[in-house]
1. I need the full set of residues from region 319-363 which are surrounded by fewer than 19 Cβ atoms within 10 Å (Cβ to Cβ) and touching a helix residue (DSSP H, G or I) at 6+ places or on another chain (Cβ under 6 Å), in order please.
2. Could you tell me which residue of region 294-313 is surrounded by the most Cβ atoms within 10 Å (Cβ to Cβ), considering only residues that are assigned to a helix (DSSP H, G or I) and in contact with a Leu (Cβ under 9 Å, 6 or more places away or on another chain)?
3. With the requirement that a residue be within 16 Å of residue 214 (Cα to Cα), part of a helix (DSSP H, G or I) and either charged (D, E, K, R) or not assigned by TED's automatic domain parsing to the domain that holds residue 196 (or both), what does region 11-55 give you?
4. Return a yes/no flag: does region 329-341 have any residue that is modelled with pLDDT under 95, farther than 18 Å from residue 237 by Cα, outside any loop (DSSP other than H, G, I, E, B) and assigned by TED's automatic domain parsing to the domain that holds residue 255.
5. With in contact with a strand residue (DSSP E or B) (Cβ under 6 Å, 6 or more places away or on another chain) and surrounded by 22 or more Cβ atoms within 10 Å (Cβ to Cβ) as the only criterion, which of 137, 132, 111, 127 stands out?
6. Among the residues of region 78-92, is there at least one that is within 29 Å of residue 386 (Cα to Cα) and either at pLDDT 95 or above or not basic (Lys, Arg) (or both)?
7. Determine the pairs where a residue that is farther than 21 Å from residue 274 by Cα, located within region 302-316, has a partner that is surrounded by 12 or more Cβ atoms within 10 Å (Cβ to Cβ) and modelled with pLDDT of 80 or more with Cβ atoms under 7 Å apart, the partner being 6 or more residues away or on another chain.
8. How many of the residues in region 357-377 are in contact (Cβ under 8 Å) with a residue 60 or more places away in the chain, out of contact with any Gly (no Cβ under 7 Å at 6 or more places or on another chain) and assigned to a loop (DSSP other than H, G, I, E, B)?
Amino acid sequence: MAPQPNPVHSDETLPTRSDIIIIGGGIIGVTTALELAERGHEVTVLEKGIIAGEQSSRNWGWVRQMGRDPSEIPLIVESTNIWKGLSKRVEAETGYTQCGITYLLNNDKDIAHYSHWSKEYAQPGGITSQIIDQTKINQLFPQNTAKWKAGLYTADDGRAEPQWAAPAIAHAARKHGAKIFTRCAVRGIDISGSKVSGVVTEKGLIKASTIIIAGGAWSKHLCDRIGVRLPQLTTISSVLRTKPLEGPMITASGDNYTFRKRKDGGYTISPDFYSYSALTPAHFKYLFDFLPLAIKNFKTTKVRLNGRFFSEFADIFNTSLDKISPFEKMRILDPTPIDWMLDLALKNLKRDFPVFEPLETVERWAGIIDVTPDEVPIIDSVPKISGLFISTGFSGHGFGIGPGAGRLTADVVTGDKPCVDPAPFKYERFS
């Protein structure tokens with residue numbers, strides 16, 4: 001069973017109109033809402049399930065700058081700076097801690113790649129990433145017994161608590177005037193001519209001149225309903241947490257495993273080798289968009305047929321706005337964790353870090369990650385539909401980059417000076 005995010009109650013009376021509607025109550029949706037509400041805009045967040053019910057509460061909890069795609073570096077630096085003062089800003093605990101993150105490396109190709117990345121992108125971008133040797137690794141991780149050729153270490157990277165962060169941000173957005181509705185699915189977007197005019201929810205129509213789709217893995221389905229092309233697929237990430245245990249404070253990944261210390265004293269642990277994707281009709285629709293990524297990750301991505309293919313195929317024909325939508329039938333995506341992957345991760349972790357031998361698992365869960373063909377998000381307006389914006393496709397990076405992405409999304413929507421160059425996140429690169 002997945003850990004439950006801190007509760008955020010729903011507002012009661014649905015408005016008949018709002019200046020800005022945000023579809024999706026994950027980390028991207030609520031950070032965007034906070035930014036807009038702080039600037040004095042009338043904002044309504046609509047979430048089909050609960051705030052942070054899906055990947056925003058199920059991720060690893062890393063706030064990672066290192067190893068980023070070069071186009072994301074300015075945004076993650078901005079986001080990290082926001083994280084550092086976020087708990088104070090929202091007057092609630094997000095769990096953020098600047099703990100440092102290390103990639104423990106034995107593969108010569110990986111060492112060469114990260115050496116190049118550190119020199120060419122990290123240092124010019126203001127990130128403190130550095131290649132370290134076995135001696136430094138032993139100093140950082142005295143509990144490890146493995147021999148590593150090298151590591152990539154970033155001292156000012158951090159971690160936060162996924163079950164705390166988005167709910168805390170949502171509460172802060174509400175304090176600044178945002179309205180937040182849970183268990184209120186958007187069935188479709190109302191378009192008049194070439195402009196958005198509102199949304200049809202399961203509880204009624206809300207008029208609006210600006211709509212932001214921040215629905216994570218559901219964004220593609222919303223776009224399909226209005227004929228907007230959004231190449232997006234999903235993968236499954238399996239995670240577990242343990243009872244409290246004395247051990248490393250620095251977050252790290254090693255030989256097919258990752259770990260990070262939790263505020264409750266336990267650890268969040270995940271495999272870091274295979275990625276599973278449930279086959280859907282979108283795999284055929286966007287085959288050529290994703291072909292380069294599929295070739296690149298051929299050895300580490302596995303596609304499997306299950307019931308999701310047939311349910312999504314049926315959803316293609318379920319577009320009526322006056323009937324129960326797919327978004328109501330599946331309030332929260334809750335895939336089954338892949339136990340053999342978690343078991344192998346634990347085996348390798350205990351081999352390299354004997355301190356983990358006595359750990360006791362409390363929970364295992366899985367989440368759905370939305371992915372774009374270049375693994376970089378879309379934060380942009382939609383051409384030819386005035387007032388429609390997309391902030392999605394964070395490809396497993398959304399939690400750490402969320403506060404910066406929310407700020408940039410708000411900048412793009414309002415026309416304010418963008419906090420970073422928005423060019424790498426343009427929608428047109430996939431059209």
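The values are calculated or read from the model by the stated rules, or taken from the named source; none is laboratory data. Note that the structure is a prediction, hence the values are computed from the model and not measured. Neighbour counts run over all protein chains shown; Cβ positions are idealised from the backbone, glycine included.
1. The answer is 350, 357.
2. Only one residue fits best here, namely 308.
3. 35
4. Yes, region 329-341 contains a residue that is modelled with pLDDT under 95, farther than 18 Å from residue 237 by Cα, outside any loop (DSSP other than H, G, I, E, B) and assigned by TED's automatic domain parsing to the domain that holds residue 255.
5. None of the other options fit; the residue is 137.
6. Yes, region 78-92 contains a residue that is within 29 Å of residue 386 (Cα to Cα) and either at pLDDT 95 or above or not basic (Lys, Arg) (or both).
7. Listed by first residue and then by second, the contacts come to 312/280; 312/281; 313/281; 315/221; 315/326; 316/281.
8. Residues flagged as in contact (Cβ under 8 Å) with a residue 60 or more places away in the chain, out of contact with any Gly (no Cβ under 7 Å at 6 or more places or on another chain) and assigned to a loop (DSSP other than H, G, I, E, B) within region 357-377 amount to 7.
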